[in-house]
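*Asks:* Below is one structure. I have some questions about it.
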Amino acid sequence: KNILDKSETLKNKSIELINEDAESFLPLAKAYSLPSSNEEEKNYKDKVIQSTLKEAVKPPVDCIRTSFEIISLLGQLAEKGSILALSDVGVGAMCTLAAIKSAWLTVLINLNLMDDIEYVKNLRTEMQILIDQASDECYKIYSKVEEKL
C-alpha cells in the first residue's frame with residue numbers, strides 16, 4: 001500500500017514536470033526571437049537567453065532527481081512484489097532509465113549553450129554522478145527481475 005501511494009504521488013509529480021518542461025521552453029523560444037540589430041539589443045538578447053536557459057534546465061533536472069525515488073520503489077518491488085507483475089518492474093527500470101537519459105539530453109543541449117562555466121561544470125558533474133548511479137541501479141533491478149523469471 002505504501003509503495004502504491006508513493007508511486008501515485010511520483011506519477012503525478014512526473015506529469016507536472018513534463019508540463020513544466022514544455023512551459024519552460026516557451027520563454028526560451030521567445031528569447032531567441034528577440035531583435036539583435038545593434039549591440040544593445042544583442043547584449044539584452046544574450047542576457048535573456050542565458051537566463052531562460054537556466055530556467056529551461058530546471059524541469060529535466062528535477063525529472064532526473066525524481067527518477068531516483070522511482071528507482072527506489074522499483075528496487076523494493078523487485079524484492080517483495082508479486083511474481084505476476086515482476087516483468088513490469090524490469091520494464092519500469094528500463095523506462096525510468098530511458099526517462100533519465102532523455103531528460104539528460106534536454107539538460108545537455110541547454111548546458112552547451114550557457115556562458116556560466118562554473119554553473120555548467122557543477123550541474124554537469126552532479127548530473128553525471130546521478131545518471132551513472134541510476135544506470136547501475138536500473139540494470140541491477142533488471143538483472144534481478146531476469147534472474148527471478
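*Asks:* Using only the Cα atoms of the range 1-141, what semi-axes does the equivalent ellipsoid have when each is the square root of 5 times a gyration tensor eigenvalue? Give whole Å, largest first. Walk me through the numbers before you get to the answer.
*Replies:* Values: eigenvalues 274, 46, 19 Å².
Result for the range 1-141: semi-axes of 37, 15, 10 Å.
*Asks:* As a test of the formula, what do you get for the chain when each DSSP H run with n ≥ 4 contributes -39,500 (n - 2.57) and the sum is divided by the residue count, at 222 nm and rounded to the nearest 500 deg cm²/dmol? Provide the component values of the computation, followed by the final result.
*Replies:* On the way: 4 runs with 131 residues, N = 149.
Taken over the chain, the calculation gives -32000 deg cm²/dmol.
*Asks:* Another question, if that's okay. If you roll a 1.4 Å probe over the heavy atoms of the protein chains, what accessible area per residue do you get for the chain, in Å²? Display every interim value, and only then the final one.
*Replies:* Working: 9210 Å² over 149 residues.
On a per-residue basis, the chain sits at 62 Å².
*Asks:* Taking Cα pairs under 8 Å and at least six residues apart, what relative contact order does the chain come out at, in percent? Let's see the in-between values first.
*Replies:* Working: 130 pairs, mean separation 41.0, N = 149.
That works out to 28 percent.
*Asks:* Roughly speaking, what is the stretch gain from PHE68 to MET114, that is 0.36 nm per residue apart minus the C-alpha to C-alpha distance, in nm to one decimal?
*Replies:* 13.9 nm
*Asks:* Considering only protein heavy atoms and a 1.4 Å probe, what is the carbon-and-sulfur percentage of the accessible area of the chain?
*Replies:* Working: 5290 of 9210 Å².
Carbon plus sulfur share of accessible area: 57 percent.
The values are calculated or read from the model by the stated rules, or taken from the named source; none is laboratory data. Just so it is clear, the structure is predicted and the values come from calculations on it, not from any experiment. Please note that ligands, DNA and RNA were not included when accessible areas were found on the heavy atoms of the full protein model with its side chains. Shrake-Rupley method; radii C 1.70, N 1.55, O 1.52, S 1.80 Å.
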